[in-house]
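Read the structure below first, then the notes.
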Amino acid sequence: MDNTNTIIKVDNLQTSFFTHRGEVKAVDGVHFDVPAGKTLGIVGESGSGKSITSLSIMRLIESPGRIKGGNITFNGEDLLAKTEAEMRSIRGNKISMIFQEPMTSLNPVYTIGDQIAEAYQIHQGLSKKEALQKSLGMLELVGIPSPKARLKAYPHELSGGMRQRAMIAIALACNPQLLIADEPTTALDVTIQAQILRLISGLQKELGMSMLLITHDLGVVAETCDYVAVMYAGKIVEYADVTTLFKQPKHPYTVGLLKSLPRHDIDQDELQVIKGMVPSPDDLPEGCRFAPRCPFAREMCVNSLPDLRDQEEGNQVRCWIHTDEWDGPEVNVKDDYDYGYRTVEGTES
Amino acid sequence: MFIYTLKRLLQTIPVLIGVTLVVFLMMHLIPGDPAQIMAGERASEEQIELTRDRLGLNDPLPVQYATFVGNAIQGDLGNSIRNGRAVTTEIGTRFWVTVELAFYSTLLSIFMGLMAGIISATRRNSPVDMFIMVFALFGLSMPNFWLGLMLIQYFALNIDWLPVSGWGSPQALILPVITLGTAGAAIIARMTRSSMLEVIHQDYIRTARAKGVKERYVIYKHALRNALIPVVTVVGLQFGALLGGAVLTETVFAINGLGRLVVDAIGQRDFPIVQGSVLVLALLFVLVNFLVDISYRFLNKRIELD
């Protein structure tokens, strides 16, 4: 990928929580970049570290969490070297964030207008009146009906979908270069989900933003993303452009995720699931973190962790199967997944 | 807002009826014959009968109650047995002293309590937090009269900065206000701390930070206003409790407030004074709680009446 076109580059990011039970590695050496104007999806189950990754970029990790190492380069500037005041001038201005819970993400005691206007007052030094005028424009942009009245409404007077639109208005108020959307549609009704997703993608193209979309929903990824990073237990296991990921998934976990999507084209008696559970971050397997759940796992997988290795066209995968060191029979991960084979004792779930 | 206020105002009516009823029945619930008590122990049968007639005690109870309420509304709460002066005049001069004392004490509690609570919450588990919380525990556990005596001993007697007792000058106000305000400050500090800690972990606080809001404004603008509702409740109750509970402080500092009036009246069996004072205090309590309810609505527009 061309570096000049990269809006944000995350390099070996490590974020840990230091609890009384010891260090919990929530994000453990994550790499990715988001090309300018493109959307990168980060996919993973709950607890895979995707939200912590996004909060790390914003430098909003709260105690006892801490960014332990790595680099985050935004527009060529090192975010981890910035002072708190410098970070504040970036948050909500150049990098904005939308959260999962529209019902609780807006302050209940201030009007929608006040909450959007605040972004203009902080970052553009506008007066309250000018800021409210611009906020009205934002409400129109995000498609809230009768925006003038909504400006004076309190969050509890709006539905979930409308609140998420208001959140989007806050996030986009200052024309950010990067929008981080953390599960923006998860808490919404299915019909509203599609609307909000379309709104976000539409505005992204219209405003020329880059986007980091955090989700567990591959359907959302297929609809909105250009590139996808699949996270598992604090590490990225596969990085690919969206077409390749869906056509030629390489990591068994990615295949497992794809297979567990309900299909509408064939009759399914039951849904497929990936057996087992995401390992707890304070008790991670030594080798490949997916090995205990992987149908292809061999002894080498249990014993040592593979690197994230380059594949064709800038795609990457973290799996022994795609290396020369692989000591098992040849495997086509996608086709053989259902049959799999287990040759290592103790990996049976 | 207007409708909310009106509704809340209407809701005080049953409370007021209850209050007047209880105060009225006090007369009949005390042991013995009220007329006997009022006429004095050595009064003859005729004198007692005369008193009973004068007090309207021969009328049916509902009629007596109606008369009592009717008179009270017109500002007539009867006359003191001890000196025959109107109860309203007796209470009137003392009432403002106590209200003033309670008001300044509450103001001090709010100021100290909020500051301490916010500092504690934003530096949770730090030495500062622990110091404040231990201090608050002291403030809460210390009996008022003892604190008052200690303050007099040091500030009035040892270093002679402030008057020992009395009322009227600003200096005389300081020690009683501290004495009375400390416990309230401690309660408010603890309340503010726990309420703030709860609010600080809400999603909208994260939203504010993600917007680039300065930490100071995150705390004072976004968090505090949400955290204030339980605190305001405590402030209201506190103010009410101070009105009735200022007796000891008033005694220690020799202040002629309502509290002392009531205590003296009880000792002298000056029944109309007790009755009138209780009624006035109860009404004031209802008023304060009404104001608290109204302020909820200012703090948080979500609050609706059922």
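Taken over segment A:180-212, residues that are more than 27 Å from A:I90 (Cβ to Cβ) and either buried (at least 19 other Cβ atoms within 10 Å of the Cβ) or among the basic types (K, R) (or both) amount to 3. Taking A:M58, is it within 14 Å of chain B (Cβ to nearest Cβ), within 16 Å of the chain's Cα centre (by Cα), open to solvent by less than 10 Å² (accessible area, probe 1.4 Å) and over 22 Å from A:R318 (Cβ atoms)? Yes.
Is it the case that some residue within segment A:250-271 is over 30 Å from A:I200 (Cβ atoms) and surrounded by 23 or more Cβ atoms within 10 Å (Cβ to Cβ)?
Within segment A:250-271 (the criterion being over 30 Å from A:I200 (Cβ atoms) and surrounded by 23 or more Cβ atoms within 10 Å (Cβ to Cβ)), the answer is yes, since at least one residue qualifies.
Answer yes or no as to whether A:D307 is under 23 Å from the mean Cα position of the chain (by Cα), open to solvent by 60 Å² or more (accessible area, probe 1.4 Å) and acidic (D, E).
Yes.
The test for being open to solvent by 40 Å² or more (accessible area, probe 1.4 Å) and closer than 26 Å to A:P249 by Cβ holds for A:E45.
On the stretch given as segment B:39-74, residues that are in a loop (DSSP other than H, G, I, E, B), open to solvent by less than 40 Å² (accessible area, probe 1.4 Å) and not hydrophobic (A, V, I, L, M, F, W, C) total 2.
Is it the case that segment A:80-94 has a residue that's buried (at least 19 other Cβ atoms within 10 Å of the Cβ), in contact with a Pro (Cβ under 7 Å, 6 or more places away or on another chain) and of a type outside the set (V, I, T)? There is at least one residue in segment A:80-94 that is buried (at least 19 other Cβ atoms within 10 Å of the Cβ), in contact with a Pro (Cβ under 7 Å, 6 or more places away or on another chain) and of a type outside the set (V, I, T). Among the numbered conditions (1) farther than 30 Å from B:Y220 by Cα; (2) touching a Ser or Thr at 6+ places or on another chain (Cβ under 9 Å); (3) open to solvent by 50 Å² or more (accessible area, probe 1.4 Å); (4) touching a residue at least 40 places away in the same chain (Cβ under 8 Å), the only one that B:M112 does not meet is (1).
Need the failing condition index for B:Y154 against (1) more than 14 Å from chain A (Cβ to nearest Cβ); (2) touching a residue at least 40 places away in the same chain (Cβ under 8 Å), just the number. Going through (1) more than 14 Å from chain A (Cβ to nearest Cβ); (2) touching a residue at least 40 places away in the same chain (Cβ under 8 Å) one by one, B:Y154 breaks only (2). The single residue among A:E140, A:E157 that is of a type in the set (D, E) and more than 12 Å from chain B (Cβ to nearest Cβ) turns out to be A:E140.
The listed residues are A:L218, A:L179, and the only one of them that is under 14 Å from the mean Cα position of the chain (by Cα) and farther than 30 Å from A:K334 by Cα turns out to be A:L179. Scanning segment A:98-121 for residues that are β-branched (V, I, T), within 7 Å of chain B (Cβ to nearest Cβ) and in contact with a Lys or Arg (Cβ under 7 Å, 6 or more places away or on another chain) gives a single hit, A:V109. Looking at this structure, is A:I52 β-branched (V, I, T) and free of Cβ contacts under 8 Å to residues at least 60 places away in the same chain? Taking the combined requirement at face value, the residue satisfies it. Among the residues making up segment B:203-255, those that are touching a helix residue (DSSP H, G or I) at 6+ places or on another chain (Cβ under 6 Å), outside any helix (DSSP H, G or I) and either within 13 Å of chain A (Cβ to nearest Cβ) or within 30 Å of A:S51 (Cβ to Cβ) (or both) are B:K211, B:G212. All but one of (1) under 18 Å from A:L172 (Cα atoms); (2) assigned to a loop (DSSP other than H, G, I, E, B); (3) at pLDDT 90 or above hold for A:I200; state the number of the condition that does not hold. Result: A:I200 fails condition (2) only. Taking the criterion of being free of Cβ contacts under 8 Å to residues at least 40 places away in the same chain and in a helix (DSSP H, G or I), the residues of segment B:23-38 that qualify are B:L25, B:H28, B:L29, B:A35, B:Q36. Residues in segment A:296-327 that are part of a helix (DSSP H, G or I) and in contact (Cβ under 8 Å) with a residue 24 or more places away in the chain: A:E299, A:M300, A:C301, A:V302, A:E313, A:G314, A:W320, A:I321, A:H322.
Could you please find all residues in segment A:18-42 being open to solvent by 50 Å² or more (accessible area, probe 1.4 Å) and either assigned by TED's automatic domain parsing to the domain that holds A:V278 or of a type in the set (A, V, I, L, M, F, W, C) (or both)? Show your work before the answer.
Residues of segment A:18-42 that are open to solvent by 50 Å² or more (accessible area, probe 1.4 Å), as a first pass: A:18-21, A:23, A:25, A:31, A:36, A:38.
Listed by number, the residues that qualify are A:F18, A:A36.
In the set A:L178, A:L132, only one residue is away from every other protein chain (no Cβ under 12 Å), under 22 Å from B:K214 (Cα atoms), in contact (Cβ under 8 Å) with a residue 12 or more places away in the chain and in contact with a strand residue (DSSP E or B) (Cβ under 7 Å, 6 or more places away or on another chain); that residue is A:L178. Being more than 16 Å from B:T192 (Cβ to Cβ), of a type in the set (A, V, I, L, M) and assigned to a helix (DSSP H, G or I) holds for only one residue in B:V128, B:V99, and it is B:V99. Against the list (1) closer than 21 Å to B:K301 by Cα; (2) within 9 Å of another protein chain (Cβ to nearest Cβ); (3) small (G, A, S), the condition A:G92 fails is (1). The condition (being among the basic types (K, R) and modelled with pLDDT under 85) is satisfied by just one residue among B:R260, B:R225, B:R216, B:R269: B:R269.
Just for segment B:80-89: of the residues that are at pLDDT 85 or above and out of contact with any helix residue (DSSP H, G or I) (no Cβ under 6 Å at 6 or more places or on another chain), which one is least open to solvent (accessible area, probe 1.4 Å)? I'd like the intermediate steps shown before the answer.
From segment B:80-89, those at pLDDT 85 or above are B:85-89; that's our starting set.
So of that shortlist, the ones also out of contact with any helix residue (DSSP H, G or I) (no Cβ under 6 Å at 6 or more places or on another chain) come out as B:85-86, B:88-89.
Working: B:R85: 134, B:A86: 36, B:T88: 55, B:T89: 83 Å².
Top of the filtered list is B:A86.
Restricting the first member to segment A:27-49 and to residues that are within 12 Å of A:C225 (Cα to Cα), and the second to residues that are open to solvent by 10 Å² or more (accessible area, probe 1.4 Å) and small (G, A, S), the beta-carbon pairs closer than 8 Å and six or more apart or on different chains are A:G37/A:G208; A:T39/A:S201.
The values are calculated or read from the model by the stated rules, or taken from the named source; none is laboratory data. Everything quoted here is computed from the prediction, not taken from an experiment. No Cβ is skipped: glycine too gets one built from the backbone with ideal geometry, and neighbour counts run over all protein chains shown. Surface accessibility is based on the protein's heavy atoms, side chains included, excluding ligands, DNA and RNA. Shrake-Rupley method; radii C 1.70, N 1.55, O 1.52, S 1.80 Å.
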